[in-house]
Amino acid sequence: MSAVRIGIIGCGPIAQAGHLPATVKAHNAQLYAIADRSPRLRSYAAAVYEPHVVYADASELLADPQVEAVIIAVADQFHIPLTLQALAAGKHVLVEKPLGVDVNSCQQLLAVSQSSDRVVQVGNNKRFDPGIAFAHDMTAQLGERMAYRGWYCDSLYRYTVTDNLQPTIIQDAQALRPDGNPKGDRRKYLLLTHGSHLVDTARYICGPITQVQTRLLQRAESWCWFSAVTFGDGSLGHLDLTVTIRGDHHEGFHLYASAGSIMAKTYLPWYHKSSDVEVFTSHDQQYHRPLGADGHSYKRQIEGFADTIRGHTAQRGASVSDGLAAIQVLTAMTLSANADGATVVVADVTGEP
Ligand SMILES: NC(=O)c1ccc[n+]([C@@H]2O[C@H](COP(=O)([O-])OP(=O)(O)OC[C@H]3O[C@@H](n4cnc5c(N)ncnc54)[C@H](O)[C@@H]3O)[C@@H](O)[C@H]2O)c1
């Protein structure tokens, strides 16, 4: 298979720590082009990762016919407009999570993507954590699902840890950022950036979420969303999003089903270490546990993206529908929390988280 020629839009923190090295390491991708409005960031990325061409703006990169696929690694507010622009230019797209910042624009993108033959994948890299992928694939053997418990508790000490695990991140005031200060709205920002992982993993293991009841507490400069959810098959769920906790990053899930169960502990992704997953299957009374030696979820999501583009594998990565569903669930959580935990039907929601 010929390597897919990739252009990376945005050379900010996630590109420097994740996508630039991951694209160079991916066995079926080639780092063909990069673009960033910041001269400092694109010079740095060009010097270290040696793409064939370097652009200042996304539109120049999208006009290059040699670029087959793009990774959109820019602020959340730019995800939908740039994905639409990339599809119009005929490119396959891997767009960072969250897919967007409101339900309506995600629905508009869904309509456009449905009439396109291009692959669109959302950057929910945890689907490419070998332990989580194994858990997903084993659910078919577990019979009827009964209950799912998922948690994502970000550590107060995250940056102490990631400063050691990641390359030194180069910043620049000339980087293109959205108007205003969207990250200043901590409630919305934290829900979108962390909740998009929690919800996507739950949906990946247990299917669509149809109803949500959420309570939210802010205390000690931390936010805690406790949500009772119902899955499409009627199974029950509890989702815990707490940012931040005074302790180590704490993430994982349990699944109880009629013919088995799953216990999963997930690490901060920058360790590039598979989740510890044990799947018990009733039929053989055994626990099954993968090694997952290659735990680089960012590299593996690019390899999966390239395989899908070449038609070798079905898409494991989150689709536009999955990205939209995550924004709908997060919006339902906000509506429910604002209404003292009232039940909100996910399919009915509009607006933003
Ligand atoms: N999957 C994960 O684990 C993970 C982790 C961290 C961040 N993210 C996501 O990655 C995204 C980017 O995060 P970040 O911290 O790197 O963002 P950032 O805003 O700091 O950096 C984005 C870069 O893109 C450039 N840019 C924006 N629009 C451009 C355009 N039209 N043309 C050229 N350059 C352009 C900017 O100049 C900037 O340097 C966010 O959506 C975030 O949620 C994902």
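Residue separation of Asp233 and His283 scaled by 0.36 nm, minus their Cα-Cα distance, works out to 15.8 nm of gained length. What is the spin-label model distance, in nm, from Leu176 to Ser2 if the labels are put 7 Å beyond Cα along the C-beta direction? Roughly 2.9 nm, to one decimal.
Helix-only arithmetic for the chain: the sum of -39500 (n - 2.57) across DSSP H runs with n ≥ 4, divided by the residue total, places the mean residue ellipticity at 222 nm at -10000 deg cm²/dmol. Label separation (Thr210 vs Gln166): 4.0 nm, computed from points 7 Å beyond Cα along the C-beta direction. Coupling constants for the range 337-345 follow from the phi torsions by the Karplus curve (6.51 cos²θ - 1.76 cosθ + 1.60, θ = phi - 60°), and in residue order they are 4, 5, 10, 6, x, 4, 6, 10, 7 Hz; glycine and proline get x.
Please check which bits of the range 286-303 a label hung off His27 would reach, taking the label as a point 7 Å along Cα-to-C-beta and the cut-off as backbone N under 20 Å. The answer is 290-303.
Expressed in units of 2.2 N^0.38 Å, where N is the residue count, the Cα radius of gyration of the chain is 0.96. Relative to the longest principal axis of the Cα atoms of the chain, the long axis of helix 186-206 lies at roughly 70 degrees. Across the range 185-199, the residues whose backbone nitrogen lies under 14 Å from the label position 7 Å along the beta-carbon direction of Ala75 are 185-186, 189. Between the C-alpha center of the range 307-353 and that of the range 35-51 there is a gap of 33 Å.
So what's the angle, to the nearest 10 degrees on a 0 to 90 scale, between helix 39-49 and the longest Cα principal axis of the chain? On a 0 to 90 degree scale, this one is about 80. Distances longer than 21 Å among the Cα atoms of the range 4-125: what percent of all pairs is that? Everything past 21 Å amounts to 31 percent. Here's the picture: charge each Lys and Arg Cβ at +1 and each Asp and Glu Cβ at -1 in the chain, and of Val103, Pro21, His79 the one pushed furthest to the positive end of that dipole is Pro21. For the range 120-134 and the range 236-250, what is the separation of their C-alpha centers, rounded to whole Å? Between the Cα centre of the range 120-134 and that of the range 236-250, the gap is 19 Å. Counting only DSSP beta bridges whose two residues both lie in the chain, roughly 60 percent are antiparallel.
None of the figures in this text is laboratory data; all of them are computed from the coordinates on show. As the structure is a prediction and not an experimental result, all values here were calculated from the model. Note that each Cβ is placed from the backbone with ideal geometry, even for glycine, and that neighbours are counted across all protein chains shown.
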